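The values are calculated or read from the model by the stated rules, or taken from the named source; none is laboratory data. Owing to the predicted nature of the structure, the values given are computational and were not obtained by experimental measurement. All Cβ positions, even for glycine, are placed from backbone atoms using ideal geometry, and neighbour counts span all protein chains on display. What goes into the accessible areas is simple: the full protein's heavy atoms, side chains included, and nothing from ligands, DNA or RNA. Shrake-Rupley method; radii C 1.70, N 1.55, O 1.52, S 1.80 Å.
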Amino acid sequence: MRILWHGVPPEHHTGYGVQTKLFVNELVANGHQVAISSIIAPAPTQTVNGIVTLGCGTRTTCGNDFIRAHYRFIKPHVILSMTDTFVIDLIKFNELPWVPWQVIDSKPLIHCLKKPIDTAKHNIAMSHFGQSVIDTRRAGSTYVPLAYDPSAFYRDDRNAARAWFAREWEMPDLEDRFIVVMNSANMSRPSRKNFAAAFKGFAKYVKEFDNRAILYCHTENTGQQGNGENLLELAKLYGLDQENLIFPNQYNYCMQTYGDDYMRAMYTAADLMLVSSRGEGFCVPVIEAMACGCPVLATDCTALNELVPNTQYLLSDGFWRMVYQDTEQFEVYPESIVDRLNVLRNDSYITGFMHKPDFWQANVKQYEIKTVYKNRLAPLLERIEKGEIDLQTPTTTKEKIQCVENLNDL
């Protein structure tokens with residue numbers, strides 16, 4: 001099949017960029033002809049390893065300006081997109097064979113996703129939770145989760161990883177310290193990643209139970225790069241001292257110089273990964289961490305509770321709160337983080353369980369890229385190729401005509 005992939009180009013070491021690289025390479029390895037339609041400007045047209053990336057021009061329009069021209073140029077059988085679909089120009093995509101991954105991190109279905117779901121010829125759900133929400137629209141959907149590369153994420157030498165970070169952080173006494181990591185993009189205000197609950201809970205844990213514990217927060221810390229929160233000020237608000245809170249070198253982080261080797265060492269060195277998010281469409285760092293044998297403590301909501309295999313590692317003490325006028329996300333209580341950290345750090349059974357990496361690694365094998373392709377994406381493409389999923393007929397029902405005409409409602 002000829003496939004046009006609409007998303008972040010693979011040279012960008014971001015979540016979506018990594019997924020583009022994994023899926024496009026696997027598609028090509030299985031005989032498909034693939035070109036990439038970039039959603040990031042400026043992005044000049046280029047060819048790498050025989051795969052063409054088509055630029056989106058100089059305007060930041062999420063690739064909408066040239067998508068029809070790219071379609072006429074490539075003549076794909078299907079356009080697969082992986083980005084937030086509320087940024088898509090539905091008038092331009094309406095008559096195209098568009099099959100997007102839908103990013104759903106709240107319930108019920110947020111208003112700005114209803115029309116993209118209805119306009120798509122078929123929808124891909126990256127989580128079972130997301131598929132259940134899509135199904136409320138009675139729209140066609142297929143579950144295809146996101147993936148990771150097992151050759152990049154695996155259990156490394158723990159002592160070596162700790163020794164490396166001791167030098168990186170200029171802290172020579174890491175051997176017996178409790179290290180918790182967060183890998184969360186700082187790109188909204190207030191943050192969906194819920195840094196506030198994490199910082200408040202960890203500050204209280206440090207004061208009450210372990211004043212040598214470390215929270216390593218792998219993110220940009222001022223909020224200036226992605227309209228996020230000033231995490232330095234947030235730490236001051238909750239009394240989380242610099243001795244207990246570490247950020248990466250900010251220049252290296254912003255320049256995307258941290259590669260898979262660094263991330264693998266980070267997960268290997270950690271005792272625990274904390275995900276305090278109010279909602280996640282999937283959360284690739286969870287499966288990367290578990291692939292490295294690192295336990296994950298996550299909020300009991302959306303896609304997270306289907307990724308984390310043990311209920312003792314789910315934060316269920318909280319409440320659903322309105323985030324927009326028509327949907328809710330889960331707010332975990334900071335005290336729940338304190339209690340769970342204390343249990344996981346001190347309970348003899350759980351502490352032993354934390355250092356059994358084989359358990360965590362076994363639970364993410366289903367998300368290895370070759371497995372996801374073989375079991376999930378390939379069957380979907382076969383259905384498309386056989387015509388079982390109609391990609392040619394424009395959306396013509398009354399509801400779907402309205403969904404692409406009344407764009408001011410988005």
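List of remarks:
- Once the Cα atoms are used to define both axes, helix 334-346 deviates from the longest principal axis of the chain by about 60 degrees.
- Listed residue (Ala160, Thr142, Thr119) projecting farthest to the positive dipole end of the stretch 41-183, Cβ model: Thr119
- Overall form of the stretch 1-158 per C-alpha gyration tensor (a/c, 1.5; a/b vs b/c): oblate
- Working from Cα pairs under 8 Å separated by at least six residues, relative contact order for the stretch 175-226 is 61 percent.
- Placing unit charges on the Cβ atoms only, positive for Lys and Arg and negative for Asp and Glu, gives the chain a dipole magnitude near 1060 debye about its Cα centre.
- Taking other residues whose beta carbon is less than 12 angstrom from the beta carbon of Ile36, and scoring Lys, Arg as +1 and Asp, Glu as -1, yields 0.
- Taking each residue as 0.36 nm, the span from Gln250 to Ser316 lengthens on full extension beyond its C-alpha to C-alpha distance by 20.5 nm.
- Acute angle (nearest 10 degrees) that the helix 15-29 long axis makes with the longest principal axis of the chain, alpha-carbon atoms: 60 degrees
- A simple spin-label model places the labels of Met187 and Gln224 2.0 nm from each other, with each point 7 Å out along Cα-to-Cβ.
- Highest-MSF residue in the chain out of Val144, Val52, Val332 [GNM, Cα springs under 10 Å]: Val52
- Accessible area per residue in Å² at 1.4 Å probe, computed on the chain: 44 Å²
- Taking Ala303, Ala166, Ala35 as the candidate residues, the one with maximal mean-square fluctuation in a Gaussian network model of the chain, Cα springs under 10 Å, is Ala166.
- Inter-label distance, nm, simple model (7 Å from Cα along the C-beta direction), Asn49/Glu170: 3.8 nm
- GNM result for the chain, Cα springs below 10 Å: residue of Leu146, Leu344, Leu237 fluctuating most strongly: Leu237
- Straight-distance candidates among the aspartates and glutamates for linking to Lys236, with alpha-carbon spacing under 17 Å and chain neighbours fewer than 8 residues away dropped: Glu220.
- Cα centroid separation, the stretch 364-393 to the stretch 240-302: 29 Å.
- Computed from backbone phi, the HN-Hα couplings of the stretch 235-251 come to 5, 5, 4, 9, x, 8, 6, 4, 5, 10, 10, 10, 10, x, 4, 5, 5 Hz, rounded to whole numbers (Karplus: 6.51 cos²θ - 1.76 cosθ + 1.60, θ = phi - 60°; Gly and Pro given as x).
- Total lysine pairs in the stretch 1-142 at Cα distances under 22 Å, for residues eight or more apart or on different chains: 7.
- Note that the stretch 382-388 has calculated 3J(HN,Hα) couplings of 5, 5, 5, 5, 7, x, 5 Hz, one per residue in order, obtained from phi through the Karplus relation 6.51 cos²θ - 1.76 cosθ + 1.60 (θ = phi - 60°); glycine and proline are x.
- Across the stretch 272-285, rounded Karplus estimates of 3J(HN,Hα) from the backbone phi angles (6.51 cos²θ - 1.76 cosθ + 1.60, θ = phi - 60°) give 7, 10, 10, 10, 9, 4, 6, x, 9, x, 8, 5, 4, x Hz, Gly and Pro being marked x.
- Estimated purely from DSSP H runs of n ≥ 4, each contributing -39500 (n - 2.57), the mean residue ellipticity at 222 nm for the chain is -10000 deg cm²/dmol once divided by its residues.
- Straight-line cross-link partners of Lys356 among the lysines, defined as a Cα under 30 Å from its Cα and at least 8 positions apart when in the same chain: Lys193, Lys200, Lys204, Lys207, Lys365, Lys370, Lys374.
- A run of the chain free of exposed loop cleavage sites, with trypsin sites (Lys or Arg not before Pro) counted only in DSSP states other than H, G, I, E and B and at most 14 other beta carbons within 10 Å, reaches its longest extent at 213-385.
- Think of the chain as a dipole: +1 on every Lys or Arg Cβ, -1 on every Asp or Glu Cβ, centred on the Cα centre; then among Gln256, Asn305, His6, His6 lies furthest on the positive end.
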